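Working notes, structure below.
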Amino acid sequence: MSPKAVVVGSGIGGSGAGALLAVRLGLEVELYEKTHLLGGRYASYERDGFRLDVGCHAVGSSEKGPIGKILEEVGERIDWVRTKSPVYFVGDRRYRFPRAASEMGVPAQDLEGLMRLFADVMAMTEADLAELDRTDLRRFLGRYTQDRRVEALFAFLAGMYFCVPLEETPAGEWAFCHRELARNLSTGYPVGGTGAIPEAFCRAIEKAGGAVHRRRPVRRILVENGRAVGVTLDDGTVRRADFVVSNADVKTTVLDLVGPEHYDGVYVERIRSLRWAHCAFTIRVALDRPITDDRFVVYLRDFDILEDRDRIRKGCVPETAPSLMVPILSNLDPTAAPEGKQILYAGTGCWPDLARMGETRAQWKEACLNGLRRIYPNLDRHILWVKAAGPDYIDSLFGEEGNVIGVAQTLDQVGSSRPGIVDPGVRNLYHASADTGVHGIGGELAADAALRVYEHLRALGARPA
Ligand SMILES: Cc1cc2nc3c(=O)[nH]c(=O)nc-3n(C[C@H](O)[C@H](O)[C@H](O)COP(=O)(O)OP(=O)(O)OC[C@H]3O[C@@H](n4cnc5c(N)ncnc54)[C@H](O)[C@@H]3O)c2cc1C
């Protein structure tokens, strides 16, 4: 009989690891997902004939990145649409890179500095990148240019990649991710929505003879003699297994599903003190007809986003969102909207004030709409409905205080300082989530963790310890 693995959670990390273990290692995989959705923050669902995604997504390197690698390994295929180089919209003007920086009035010497920065990043070795993880991105940028417009753009990029402030972003991890994007030039959106990815992974599990269960929360990970031996489901059913792979966040896994009594105190404190990435407020706007042929827009209200961030941190909701990431999903994938209609997303960074979200939701929604109105002045005439989702929505589904990514990729939580895929207290227990990925952006960080779990088990001959 094949060894058996129970996977807790169907996010990119869980469904990706489950598919790899089932298809490549021949394990008997049972996956349990607590919600009705498959895919965690990558899940998609329908509303009034429109397809919505839980997050708002561009996948860094699509088929050329870690998600593509898993799909290839497990023999599943999905189609991708390129987002192409985004349109930058600052104030009331549109810009297209690479011309944008000079059109924004960045002085020639700062532009040269910027070009040098990108050239240096492309030439860096792995050792250079690891060393650079000790330097924050703001300081690193300052070696090449002091221009505040460039700094504002980089602050936006740090927010979009990692959902952390510029001065907490490790320059090495930023450089790693930038380099991957620049080499692959394949940022894209999956046809069928982001949910098409975890659905393909789950299909691979089932084709290999495994099982995927929704609405089945795991209550405990069972530990006997220091080994994970299965899980208890919410109705008390016990499912025994040779391996347990947890895609639940690392805090919940260690502190609740396993229990701190199985670890040494230093590790438990480390896990407790891990900080989440920041949160986002997103709106989905359904339109009665197409109003643009843009695919992907990056919006900056002005170059004061750093000052704005401090005000937002103190609890103010801006009248207009200082920045927005706007994928026009039905221009990327026409199946996202009924014929003749359009759907677009807009997401902005917001402070994780879950307690106040109820009273500020309407203001955040309006702030996002005001940003969109600057880009598309005729927006209001064509709105069918707007669905707003703050961090409280993400928190209600997946916990983690509604943050965007998982454990934040900050200076003190990157590289070897991230929690690992191998559980240090319980044998045969693995962590496959964005929290334990080493490199990458969002879903690709989770896929990185899934690949590492697979490679680790393959090296062990898929035999339990
Ligand atoms: C608004 C927003 C925008 C984003 N934009 C992007 C983007 O553009 N590009 C990008 O790549 N990423 C983006 N992300 C981030 C990305 O979605 C996440 O980093 C990634 O999907 C996390 O994957 P994961 O596998 O770690 O976990 P999750 O997606 O959190 O999945 C974990 C799963 O485990 C389940 N689970 C937890 N506990 C249990 C239990 N006890 N029993 C059973 N099941 C359990 C949960 O229900 C969930 O389904 C965005 C996220 C948000 C919210």
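Every number here is computed from the coordinates shown, using simple stated rules; none is lab data. Note that the structure is a prediction, hence the values are computed from the model and not measured. Backbone-built Cβ (ideal geometry, glycine too); neighbour counts: all protein chains shown.
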Using only Cα atoms, find the angle between the long axis of helix 148-162 and the longest principal axis of the chain, and express it within 0 to 90 degrees, rounded to the nearest 10. 20
Note, CYS202: beta-carbon cut-off 13 Å, +1 each Lys/Arg, -1 each Asp/Glu, net -2
At a Förster radius of 22 Å, what calculated FRET efficiency corresponds to the Cβ-Cβ distance of GLU103 and GLU319, to the nearest 0.05? 0.25
Give the Rg (one decimal place) followed by the Dmax (whole number) of the chain, computed from C-alpha coordinates and expressed in Å. 21.8, 68
Using only Cα atoms, find the angle between the long axis of helix 354-375 and the longest principal axis of the chain, and express it within 0 to 90 degrees, rounded to the nearest 10. 50
For the stretch 201-294, place one equal point scatterer on every Cα, skip the solvent, and apply the Debye formula. What is log10 of I(q)/I(0) at q = 0.10, 0.17, 0.19, 0.20 Å⁻¹? -0.47, -0.90, -1.02, -1.08
Per-pair calculated FRET efficiency, R0 = 25 Å: ARG47 and ALA362 via Cβ, rounded to 0.05: 0.80
Inter-probe distance in nm under a simple model that places probes 7 Å from Cα toward Cβ, at VAL422 and ASP302: 5.4
The rounded separation in angstrom of the Cα centers of the stretch 1-66 and the stretch 385-463 is 13
Counting each DSSP H run of 4 or more residues in the chain as -39500 (n - 2.57), what helix-only mean residue ellipticity at 222 nm follows after dividing by all residues, to the nearest 500 deg cm²/dmol? -10500 deg cm²/dmol
Counting Lys +1, Arg +1, Asp -1, Glu -1, what net charge surrounds ILE421 among other residues with beta carbon under 12 Å of its beta carbon? -2
If R₀ is 56 angstrom, what is the calculated FRET efficiency for the pair ASN370 and THR237, using the beta carbon separation as r and rounding to 0.05? 0.65
Computed on alpha carbon atoms, what radius of gyration and Dmax characterise the stretch 113-232, expressed in Å? 21.0, 59
Coil-residue trypsin sites (Lys or Arg not before Pro) of the stretch 4-95, DSSP, other Cβ within 10 Å capped at 11: ARG77
Under-5 Å amide H pairs with VAL212, H placed in peptide plane, nonlocal only: LEU31
How do ILE328, ILE12 rank when sorted from fewest to most other Cβ atoms within 10 Å of their own Cβ? ILE328, ILE12
Round to a whole angstrom and tell me the spacing of the C-alpha centers of the stretch 176-219 and the stretch 293-341. 25
Considering only the other residues whose Cβ falls under 13 Å of the Cβ of PRO86, what net charge follows from Lys and Arg at +1 and Asp and Glu at -1? +4
Mean Cα-pair separation over length for the chain, i.e. relative contact order, pairs under 8 Å, 6 or more apart, %: 24
In whole Hz and in residue order, list the ³J(HN,Hα) couplings for the stretch 451-465 that follow from phi through the Karplus curve 6.51 cos²θ - 1.76 cosθ + 1.60, θ = phi - 60°; x for Gly and Pro. 5, 5, 4, 4, 5, 4, 5, 5, 4, 8, x, 6, 9, x, 7
